[in-house]
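Peer 1: A single structure is presented below for examination.
Nothing in this text is a laboratory measurement; each read-out follows from the coordinates by a stated rule. In this text the structure is predicted, and so the values were computed from the model without any measurement. We place every Cβ from the backbone using ideal geometry, glycine too, and count neighbours over all the protein chains shown.
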Amino acid sequence: MTMAKEAQTKLAELEKADAPIAEQLEQAGQFAGIEWLDFLQTAIATPGEVRTGNFHGREEWVLRWLLKKLGGEEARRCPQAWRLLRCLVQRVPVPTAARCLNERRGVGMLRVGAEEAVGRRTQGKVEKEVKEVKTDKSGGSKKRKRGETSVTNGNVEEETYDVAEAMYEVLEQIVGLATPEEQLEGDAFAAEYMKSVTRLAPEESAKLLGSWLELCRLTRDRGDEEQLSAWLTPFIETWKARMDGGDDSLLFSTHCLEPLLNLSSSPDLLPQWQTQLEQLLSRNIILPAKNAYTASKTTDVLVSFVTNAVAARPNFAPIIFENAIHSLQPNSTHRSRTQDAAWLQALFRVLSDACPAEPREVKNEAINKMMKMCLEHKISLDVDLLRSITLESGLHSEGTDEEIIATVIALDGLVFTIPDAEERDLLKELFSRITLLSTTPEWPDVADTYVDKILVPLMGDFAKARDLTGFINHWYEQLVAFDSIISERPSKDDLGHFGAWEDDALLKKLKETMEASLTSEQIKSILDGIREKTGSPGPALVMMDAVSGALTREETIAAAELPLWAFSWVMAQKDVPDRYKHRQPQILTHIMDATSLTAFQQQWAIDVDMVKHVSNAGVMFPSSSLVEVFRGAASQHTLLSLVNKELPNEEFVQEIKDIVQSFFAENAIPWFASNGKGTKKDSGGRSIGIKLQTPDTTFALAKTILVDYPKLIKIVAAPSLKGEPVLQTLFWLASMTTPFSAENSPNRWVRRNNDAFPELWRTMLKNDDILNDQELIEIIIDIILKSGTHETNPIETRTSCNGFAIECLNSLPIEVFSRSTRERVLKAWPPAAPEPSLNDTKTLAYRMSNIDAALISLKMKMMERPTIYEGFTYKDLESLSQAISELSPDPRAPLDAFAEYARRTLGHIGDTIGQAKSDTFVTDMMTELRLRSPDDSSKSTIGCGRIQLAVVFISFLATNESRVLKVDGVSAEKISEIKTTFRDEFISNLRRLVQKPAKLKKATDERSMSLYSTIRALENPVLAVDPHSLSHLYDDATTCVKDLEARNPALASQINTFIITHIAETSKVKESDLFDEDVTTSAGRLAIMGSMQAKTATMDESEKRDLLLQVLLPASTENLDKLLAIHYVLESCEGPSIPHPHLRPP
C-alpha cells in the first residue's frame, strides 16, 4: 500500500472514530503531500513556486474534503484548518480552486467563522466578568475537580487571535490570486476565475466585512503593529468586488457602520487602519448621503444611514462628523463653500437628534465635540440651531453644562447678545444661574470655565456688537443680586471667595475693551450712573473699581475726573461692608494714577485737605491685609511726592518695608520653595479667595512695587538686616516661575500663573521713568547680575545659569549700561571655572549648562560700545567656543551669534593695536590658538566653535595685516603658516567626516556640526582653497550625500553644493546633481546658483546651449529647480542667448 493510500485509509478511520479535528487535518495534509509544518507556519511560499506539475488530484480531493469539514464549527475554530486551506488553494490550479470554493461557499464560511469568533470572544469576556464578581463575593476560588476542564479567558483570546490570523491569510491568498499581476504569467483568465470567488452578494459581503471589523477590534491587543497592519486590506477588496444591485450604502450602514465606528474609537487604533476606515466611511456613508442631500435637500437618506449607530453609542457622532469634514477639507482649515456648510449643518442636526436624551452627559459630550470641530474648521452654525442646543443641553432643567455654553459662545456670541422675543431670555437665565452658583462652596472648582470661557468672551461679544454699556448694566444688576443673596447669610457663614462678578478677569477684560468701544461721554455717563447708585455700596464699589481701573487715555481721564473724585467723597461717608473695603484703596489708587498734578491742585484748595481726604477715604484704615496696608502707604507716599512735598510718611513706608521683608522671608520663600508649603498639597488654583493666600499676597505685593508704584523700588532694593532685599527675592521668584521653569512645577498655582512674576519685571523694565533714572537702573542691573546663576537661589538651588537674567539684560537698551556695567556683563557667565583646579569638563558643563544664542547675543550687545575689561584674553573666546561645541544641544544658533561676537571683539582689538593690552591679545592668539585641545588626538573631530573662531581670526589677520605686522613677534610668514595649517586641518577633517557618513546621525550632533562648520570655513575666500586639493574627495562626498539624503537632507545638500563648486573637474558632476534642490528655501536657491556658476565657468557658448536644450528645457515646465538653473545658465552667456539651430532665421 502506498503512503498516500495509507494516509487516506487512516483519515477515513479517524473520521469514523470522530477523532479530534487536528488529527484529521494532519492525515489530510499527508495525503495531499503537505508536511504538517507547511500549513502551521504563517509565512508561505509564493503561489508561482508551489503550483507546479500537471497532476493535482489528491490536493483537489483534500480541498473538497476540507471545505466540507469547514461547514462545521469545530473545524472553523481550528487555525490549522484555515492554514491547510491556504496551502491547498496555493497548490491547486486557480480555475479548480475557484470552482471548489464557489461550490462550497468558501468565502461565506469565512464570514460564519468570523461571526462565531466574535461570539466566543464576547461570551468569554462576559463569563470572565461574572466569574470575577463571584470570586469577589466568595472571597476565594474553588478547586477544580479531577477530570473537569476549564478554558481560561486568556486561552479564548489566544485562540480567537490565531483563528483570525489564519482566516486573514486565506482571504489574502484568494484576493491575491484574483489580481492578474499576482499570476506567474500574468494570466488574466485565471484571475477572473478567482474574482468570481470574491464577487459576493452585497449583503453577504457587508456581513463579512462587518464581522471582520469587529473581530479586528477584539484581537487588536494580541498582535504587533507590523503583523496587523494589512489585516483589513483583503476584506475591503472583497467588499469592493461585490455584485451590483441593491442599496449598498444602506447594507453597509446596517452591517458595517457600528463595527467600523467601534474600531475607529479604539484607543490603540493602528495608523494604517485609521486611513482605511476613514476611506470606507467616507465612500460608503458620507458621500452617498451628501449626494442624496444635494439632490433632494432632505436628510431622509442620511437619517436611515446613521440613526441606529448613533442611538446605540452617541460618541459615534463626532467620528462621523469629523469624517464628513475631512471629506470636504482633506488638507485645509479654511472656510468651506456655502453648499458644503449647509450639508455639514444638516449632518450636525441629524447626528445631534439621533443621540438619545439619556444619559444626558454622554449626549452633551458628543454635541460639544462636534461643535469644537466646527470651531476648529471655521464651520458656521445657525444661531437658531445654537439656541436650541443651549436650551436643550446647556441650560437644561436639571442644571447647567458650562462646557456646552462656552463652546456655543466661542462659535457665535449672538446667541446671547441678541434676544429672541419668542423664547425665554437666555442671557438673563445664564447670568442668574452663574450668580447663584457663585454663592455656593463649589464655585472655586468651576470658576475657570464660567469666568474665562463664558463671561469674559461674552463681554468681548457685547463690545463687538457696540453694546458694552448693556453688558455693564447686566453686570451691575447681577452684583446687586449677588450682594442680596450673600447678605442673607448668617455672619458665621460669610462667603470666603469672590463671586463671578467680582473676578479680576472681568476687570482686566474691561480695561482692554472699554476705551476702544465707548466714547468719553459714554464713560462719564456710566460713572455718573454708578455714583447715583450708592444705595448698594458694595456693588457700586466693584463697578467703580472696574471702570476707574480701565481709564488710560488723557481725553477719557479729563472727562472722568470729577465723577471719580465725587464718588470717593460719597464712599468716604458710607458704611461699607467688610467684604468690599479693600476696593476703596484700589479705587483711590486708580484716581490718583489717572489724575494729573494740575487736577490735584484744582481739586484741593490746600494740600492738607487732600491728605486728610486720602486718609479718610480708607487708604490707611486698620486692616488685617498686608496688601491693603502696603498699597495704602504706597499710594500716600506716591501722592505726596507728586505734589513735591516732603515725605513725612517715609519712616512709615520703611517700617512697612520691614514688614514685607519678614513676609517674604517667613512665608513667600518657604511656600514657593521646591520642598515648601506650596508643594505639600496641590493648592492655589484660581485666586478668588477673599482672604488672600500666600502666593496671591506675594504677587499683589510684587505688582504694587514693580508696576503700580515703581518709586518704591529704591526702598525695597536697599539692604536689610533680615535677609536679602525684597527686590532680590522678587527677581528669584520671577526666575523660577517662567513658563519653562513652571512647566514641571509640583505647585498648581505656579503652573496656572506661569509667567506672572516675569511679566511684572518685563513691564517694569519698559518704564521710561525707570530707564531714565540712572541710579535706579544701576540698582536693578546689579540685582540681575547677582542672580546670574541659581547657585544662591533660596527657592531652589540649581547648577545652571539664570536664563531670565539674560532675557532681562537683553531687553534693556545699551544706553543704560555704564562702562563698568558692560564689563561686569562681559565677565558674567564665564565658560570655565575661575579656579584652575576646577577647570575640567564637568565644571565647564556646570558653568555653561544653559548656553544659548541669548547669552552670546548679550555679550555681542555689550560690544556695540566696545569694552575690553581687565584680564580679558583670547582664552575667554576659546573657552566659549569650546562650550558651544561640546554642550549646546542645538549649537547652530549660538554658533552664528558667537561668530558675530568674536568679529566685534577682534574688530575692537584691531582698532586699538598699539596698546599693550591689544598687542598682548594678538601675540597670545597667534602663538597658542589651536583647533584641538592638547589632550585630543590628531584624528579627533574638530569642534564647530573652534572652527568658527579660527576662521574669524584668519579673516581678522587678513583685514588688519598691515597693523598686525607692527606687533612684536608677528611676521607675514607666521600669518601665512597659520593660514596654511588651518586650511590643511580643515580639509583633513572634511575627509574623515565624509568617509564615515553612518556616524553623522543627527543634524545637530557633534560630527554633523563639525562638518557643517568645516564646509563653511572652506567656502570662505580668505582660505583660498585650491580645487585640485579637493578632487580626491569627490567619490567619498557623493557616497556620503546619498547616505544622508533621507535623514539629513540639509547637510547632504550643503556637501553636494560644496563639492560641485569647489572641485577642479566639473565634468565629473552629473547634470542632475546641479539643480536637484528645494527652490522654496533660500539655501536651495543658493545651491542651484553656486552649482550652475561652477558648471558653466569652464563651458563655451555651444556647451551651454546643449545643456539648456538637452537637459534643462525638456523638464522646465514641471520643475522649478530646472527653471531656476536655466536662469543662471542664461546669465552666464555672453551677449544674447543662442537659439536652437532649427529656430535660427535664414
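Peer 1: Could you tell me the calculated FRET efficiency between residue 1019 and residue 553, based on Cβ-Cβ distance and R0 = 60 angstrom, to the nearest 0.05?
Peer 2: With R0 = 60 Å, the Cβ-Cβ based efficiency is 0.60.
Peer 1: How far is it, in nm, from the label point at residue 300 to the one at residue 179 when both lie 7 Å from their Cα along the line to the Cβ?
Peer 2: Placing both labels 7 Å along Cα→Cβ, they lie 4.1 nm apart.
Peer 1: Here's something else I'd like to know. Round to the nearest 0.05 the FRET efficiency obtained for residue 221 and residue 279 when R0 = 22 Å and r is the Cβ-Cβ distance. Write down the numbers at each step before the final one.
Peer 2: Working: r = 24 Å, r/R0 = 1.10.
With a Förster radius of 22 Å, E is 0.35.
Peer 1: Take the alpha carbon atoms of segment 156-235, find their center, do the same for segment 967-1000, and report the distance between the two centers in whole angstrom.
Peer 2: 63 Å
Peer 1: Quick check: pseudo-label points 7 Å beyond the Cα along Cα→Cβ at residue 96 and residue 240, how many nm apart are they?
Peer 2: 3.1 nm
Peer 1: What is the distance in Å between the Cα centroid of segment 253-295 and that of segment 410-467?
Peer 2: So the separation of the two Cα centres works out to 37 Å.
Peer 1: I need to check one value: relative contact order of segment 247-381, counting alpha carbon pairs closer than 8 Å and at least 6 residues apart, in percent. Can you show the working numbers first?
Peer 2: Values: 127 pairs, mean separation 35.8, N = 135.
About 27 percent, as a whole number.
Peer 1: When you count, for each residue, the other Cβ atoms within 10 Å and take the mean per peptide, how do 15-23, 818-826, 74-82 rank with the highest first? Walk me through the numbers on the way to the answer.
Peer 2: On the way: 15-23: 12.4, 818-826: 16.6, 74-82: 21.6.
So the peptides 15-23, 818-826, 74-82, ranked by packing, come out 74-82, 818-826, 15-23.
Peer 1: OK, next. If you take the beta carbon distance between residue 932 and residue 1028 as r and set R0 to 35 Å, what does 1/(1 + (r/R0)^6) give as a FRET efficiency, to the nearest 0.05?
Peer 2: With R0 = 35 Å, the Cβ-Cβ based efficiency is 0.85.
Peer 1: So, by mean Cβ neighbours within 10 angstrom, what's the order for 227-237, 1005-1015 with the highest one leading? Don't skip to the end; give the middle numbers.
Peer 2: On the way: 227-237: 19.1, 1005-1015: 22.5.
Answer by packing, highest mean first, reads 1005-1015, 227-237.
Peer 1: With a ≥ b ≥ c the root eigenvalues of the C-alpha gyration tensor of segment 195-297, is it rounded (a/c under 1.5), prolate (a/b larger than b/c) or oblate? Display every interim value, and only then the final one.
Peer 2: Values: a/c = 2.24, a/b = 1.42, b/c = 1.58.
Oblate shape, in that a/c is at least 1.5 and b/c is the bigger or equal ratio.
Peer 1: While we're looking at this one, here's another question. So between residue 924 and residue 516, what do we pick up on full extension, going 0.36 nm a residue minus the alpha carbon distance? Can you show the working numbers first?
Peer 2: Values: separation 408, 0.36 × 408 = 146.88 nm, distance 6.29 nm.
Going from the current span to full extension adds 140.6 nm.
Peer 1: Based on the mean of other Cβ atoms within 10 Å per residue, sort peptides 437-446, 903-912, 873-882 so the most packed one is first.
Peer 2: Per-residue mean Cβ counts within 10 Å order the peptides as 873-882, 903-912, 437-446.
Peer 1: A further question on this structure: Arrange 205, 662 by Cβ neighbour counts within 10 Å, fewest through most, would you? Write down the numbers at each step before the final one.
Peer 2: Details: 205 26, 662 14.
The most exposed by this proxy come first: 662, 205.
Peer 1: Continuing with this model, one more query. What is the set of long-range amide H partners of residue 802 at a cut-off below 5 Å, with H atoms built 1.01 Å from backbone N?
Peer 2: 789, 790
Peer 1: What is the gain in length, in nm to one decimal, between residue 397 and residue 900 on full extension, counting 0.36 nm per residue of separation less the C-alpha to C-alpha distance?
Peer 2: On the way: separation 503, 0.36 × 503 = 181.08 nm, distance 6.79 nm.
The span from residue 397 to residue 900 would gain 174.3 nm if fully extended.
Peer 1: Follow-up. Measuring from centroid to centroid over Cα atoms, what is the spacing of segment 524-545 and segment 908-953 in Å?
Peer 2: Between the Cα centre of segment 524-545 and that of segment 908-953, the gap is 71 Å.
Peer 1: For residue 1003 and residue 768 in the same chain, what is the full-extension length gain: residue separation times 0.36 nm, less their Cα-Cα distance, in nm?
Peer 2: Working: separation 235, 0.36 × 235 = 84.60 nm, distance 4.36 nm.
That pair, residue 1003 and residue 768, stretches by 80.2 nm at full extension.
Peer 1: Oh, and also: Nothing charged except the Cβ atoms of Lys and Arg (+1) and of Asp and Glu (-1): what's the magnitude of the dipole of segment 395-503 about its Cα centre? Round to the nearest 20 debye.
Peer 2: Working: 8 positive and 23 negative charges, 61 e Å.
Roughly 300 debye for segment 395-503.
Peer 1: Now a separate question. With the cut-off at 26 Å, tell me which of the pairs 240/290; 1002/1042; 508/766; 453/766; 508/786; 533/711 have Cα atoms farther apart than that.
Peer 2: Details: 240/290 20 Å; 1002/1042 15 Å; 508/766 20 Å; 453/766 31 Å; 508/786 34 Å; 533/711 36 Å.
Flagged as over cut-off: 453/766; 508/786; 533/711.
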